[in-house]
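Student: Attaching a single structure in structure tokens format; questions to follow.
Bear in mind that the values in this text are calculations on the coordinates, not laboratory data. Quantities reported herein were computed from a predicted structural model and do not represent experimental measurements. Using ideal geometry, Cβ is built from the backbone for each residue, glycine included, and neighbour counts are taken over all protein chains shown.
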Amino acid sequence: MESLKNWMQDAANILFDDSKNDLRSLPRSVRLQILLVLSFVWTTVFSLYIFSYTTFAFGWAGLYIAHIGLIFAVYMTFKQFHKAERKSNSVFETKNFDPFKIMVIVFVVVFIFVFSKGIEVLTNTNSYSIPYDGPAKSVFEKWLPFSKVK
């Protein structure tokens, strides 16, 4: 179990630890931009593979927001744990409830809501109560009024 914990820490440090990341020579804002672009690319690829045309936009948006939220949540979690190692004062002892910490909690709640909506889109097979049996007319019957041959 200890080796799994170490493996997970090493895997997370590859992305979020400034001293171990392969992109450590780049500025932090550029590294964050690279992570966001990668999440955009992987969200688009996954959405094109999984979603149908009707659910693509909502599924893609939910996944992209979830990716961005996950990146920020993991990044902020690691930063808070590293900061807590340096100074080990509890928020409840110091009464230091700053707005940023409150916004992080609100963001996590919103992130969970958006992620659950994305899962709901994935698990719903049909959003209509009446089953769809196909179009009433064929393609030929639809174009027949516009053609010269009747």
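Student: Using packing as a proxy for protection, rank 6-12, 107-113 so that the peptide with the highest average count of other Cβ atoms within 10 Å comes first.
Tutor: The densest-packed peptide leads the list: 107-113, 6-12.
Student: Let me ask something additional. Just name one of 74, 25, 62: the one whose Cα is farthest towards the positive end of the charge dipole of region 2-124 (beta-carbon charges, Lys/Arg +1, Asp/Glu -1).
Tutor: 25
Student: When all C-alpha to C-alpha distances in region 2-124 are sorted into bins of 10 Å, what percent of pairs does each bin hold, rounded to whole numbers?
Tutor: Reading upward from the zero bin: 11, 32, 34, 19, 4, 0.
Student: Mind sorting 2, 141 by how few other Cβ atoms lie within 10 Å of their own Cβ, fewest first?
Tutor: Neighbour counts put them in this order, fewest first: 2, 141.
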